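Just below is one structure, and these are the notes that go with it.
Throughout, read-outs are computed from the coordinates displayed, never taken from laboratory work. Keep in mind that what you see is a predicted model, and the values were worked out from it rather than measured. Here Cβ is always computed from backbone atoms with ideal geometry, including for glycine, and neighbour counts include all displayed protein chains.
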Amino acid sequence: MSDESAEGPVEIIQCPVELDYTYTAGQATTRFLRGVGEGKLLGQRCIVCGKIYVASRGACPIHGVPTGPETVEVSDKGTLVSFSIVRIPSENLSVDPPFAAISVLLDGSDSTFMHVLSDCPLEEVRMGMRVEAVWIPKEEWTTSLKNITHFRPLDEPDAPYDSYKEHL
Amino acid sequence: MPDPTQPTETTEALVAPHSLRYTYKRSVGPIMGKFFTALREGRLVGVRRSDGSVMCPPKEYDPETAAALSEMVDLGDSGVVTTWAWVKTPRAKQPLDHAFAYALIQLDGADTPLLHAVDAGSESHMSTGMRVKARWKDERVGHITDIACFEPAEEGA
Ligand SMILES: [Zn+2]
């Protein structure tokens with residue numbers, strides 16, 4: 001729990017915090033995750049503004065009304081609207097740094113989605129880049145976002161800034 | 001049109017375990033550093049305060065005068081329980097996997113008490129003023145958990 005060397009004085013101690021929760025997804029997220037279990041990205045529409053949220057939390061954050069009732073399937077392709085290069089390792093990260101944490105606006109959705117971009121040199125990561133989800137083999141799908149390992153670049157021209165400027 | 005305030009379909013909500021884990025690295029400074037280094041060596045030390053009394057666990061500064069402290073004092077690994085609380089059903093991360101007491105223990109040679117666990121077997125074996133002795137781990141790393149717990153000691157031990 002302390003510094004490696006048994007020789008020198010103790011200068012640093014490690015204080016682990018471990019919190020075990022039982023997480024209940026609720027109706028809205030459950031609907032989304034069951035969709036993910038079938039390889040679909042499902043959203044719901046606000047009945048006031050018509051915006052489609054993926055994954056919907058069950059309500060429009062602007063209008064405070066329930067979304068739905070129907071679900072809307074959106075594409076697993078989208079536009080990278082923002083990113084951050086992560087260079088600092090951390091416990092429990094499933095990806096080795098450096099990597100790009102990205103915010104993606106999926107085609108057909110009005111909300112962004114956080115994931116990881118791979119199969120792309122970090123110096124080429126940019127706003128407006130077109131990307132698509134990479135799924136694990138269908139036999140291994142569960143009701144988890146781990147069904148998508150990462151996003152990768154699409155061989156398409158960048159999306160114009162105006163098409164995603166509201167989602168930065 | 002369906003009533004949008006009602007869910008279209010009620011599905012059984014998904015439930016999953018979620019573990020939140022993060023580890024702080026705390027820089028302990030020279031005085032507490034000596035306390036942790038001593039623990040690694042299987043010893044307990046305190047620090048001498050401005051009024052000559054001994055504080056354990058040690059701090060860098062006198063709590064009353066704010067004077068910087070530096071004189072370390074060797075202490076015994078036995079002491080007296082000054083107050084305690086019985087834990088009937090320990091939780092996973094607590095120091096022992098069976099019922100135990102959290103106690104304030106004033107070590108021999110110290111004037112302030114240290115918080116630790118006492119493995120007394122049953123609540124009826126606990127009392128304020130009882131003597132206890134540290135049970136050290138064989139593998140020590142410089143952490144308060146180098147003392148597995150305290151256990152009741154013979155009178156005058
Ligand atoms: Zn809305």
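Couplings 3J(HN,Hα) of region B:91-108, computed from phi: 8, 3, 8, 7, x, 10, 8, 10, 3, 8, 10, 7, 9, 8, 10, 8, 5, 4 Hz, in residue order, whole Hz [Karplus 6.51 cos²θ - 1.76 cosθ + 1.60, θ = phi - 60°; x for Gly and Pro]. The distance separating the Cα centre of region B:83-122 from that of region B:23-43 comes to 20 Å.
Taken about its Cα centre, region B:39-78 carries a charge dipole of roughly 100 debye when the Cβ of each Lys and Arg holds +1 and the Cβ of each Asp and Glu holds -1. For A:TYR23, nonlocal amide neighbours, meaning residues 5 or more places apart or on other chains whose placed amide H falls under 5 Å from its own, are B:ALA16, B:HIS18. Taken about its Cα centre, region A:36-112 carries a charge dipole of about 220 debye when Lys and Arg each add +1 at the Cβ and Asp and Glu each add -1 at the Cβ. In summary, region A:39-125 shows an alpha-carbon radius of gyration equal to 1.29 times the 2.2 N^0.38 Å reference for compact globular proteins.
Taking 18 Å as the straight-line reach from the Cα of A:LYS40, the aspartates and glutamates in range (excluding those fewer than 8 positions away in the same chain) are A:GLU70, A:GLU73, A:ASP76, A:ASP107, A:ASP110, A:GLU132, A:GLU139, A:GLU140, B:GLU9.
Put simply, the amide H of A:ASP107, placed in the peptide plane, has neighbours under 5 Å in A:SER75, A:LYS77, A:GLY78, A:THR79, leaving out anything fewer than 5 places away on its chain. Close amide-amide hydrogen proximity is noted between A:VAL116 and A:ILE102, A:PHE151, each under 5 Å apart and 5 or more residues distant or on a separate chain (H modeled in the peptide plane; Pro and chain starts excluded). Computed from backbone phi with θ = phi - 60° and the Karplus coefficients 6.51, -1.76 and 1.60, the 3J(HN,Hα) list for region A:111-121 is 10, 9, 9, 8, 7, 10, 9, 10, 6, 7, x Hz; x is used for glycine and proline. Compactness of chain A is given as radius of gyration and Dmax, 19.4, 67 Å, from Cα positions. Projecting the Cα positions of A:PRO160, B:PHE35, A:ILE136 onto the charge dipole of the protein assembly as shown (unit charges on Cβ atoms of Lys, Arg, Asp and Glu, taken about the Cα centre) puts A:PRO160 furthest along the positive direction. Average 1/r across all pairs of distinct alpha carbons in region B:29-152, invert it, and you get the Kirkwood radius: 14.9 Å. Mean per-residue shielding of peptide A:62-75 is 2, counting Cβ atoms of other chains within 10 Å of each Cβ. Between A:VAL116, A:ILE62, A:PRO16, the Cα set farthest toward the positive side of the dipole of chain A (charges on each charged residue's Cβ, about the Cα centre) is that of A:ILE62. Expressed as a fraction of 2.2 N^0.38 Å, the C-alpha radius of gyration for the protein assembly as shown is 1.46.
Only the Cβ atoms of Lys and Arg (+1) and of Asp and Glu (-1) were treated as charged; on that basis the dipole of chain B about its Cα centre amounts to roughly 360 debye.
Exposure proxy check: B:PHE100, A:PHE99 ranked by fewest other beta carbons within 10 Å?
In increasing order of surrounding Cβ atoms, one gets A:PHE99, B:PHE100.
Set the bar at 25 Å for Cα to Cα. Now go through B:LYS34/B:LYS133; B:LYS25/B:LYS93; B:LYS34/B:LYS88; A:LYS146/B:LYS93; B:LYS34/B:LYS137; B:LYS59/B:LYS88 and name every pair that lies beyond it. Over 25 Å Cα-Cα: B:LYS34/B:LYS88; A:LYS146/B:LYS93; B:LYS59/B:LYS88.
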